[in-house]
Amino acid sequence: MNLPNDNTNVTQATTPARRPTILRRLLSHHELATLLLLLHAPIDASAKPEIPQLHEAGLIETVAGDAGDSHIRLTPEGNAVLRGLGIR
């Protein structure tokens with residue numbers, strides 16, 4: 001017997017959208033080393049081959065410099081990964 005769903009008119013509380021976390025997979029030792037480099041100073045956008053994966057994961061971001069060059073720095077999520085490892 002199919003009964004109508006009484007919950008069709010109930011509005012659900014909206015929660016802010018959460019970004020997917022990087023830790024759906026483990027970071028490689030090269031990716032961790034790149035995050036550690038970025039902890040101390042921004043690096044050139046083409047300096048490391050791990051940059052695209054870290055950027056896609058939302059752990060780093062590209063920042064345009066004054067002279068038109070771009071640098072990479074940690075995002076709050078990237079800082080959180082390092083804090084989770086006890087580094088920061």
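Key figures
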read-out	value
Under-5 Å amide H pairs with residue 43, H placed in peptide plane, nonlocal only	72
Rg(Cα)/(2.2 N^0.38 Å) for the stretch 26-84, N = residue count	1.04
Gain upon complete extension [residue 43, residue 63; 0.36 nm per residue less C-alpha separation]	6.2 nm
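A short reminder: the numbers here are calculations on the coordinates, not readings from a lab. Here the structure is a predicted model, which is why all the values come from computation and not from measurement.
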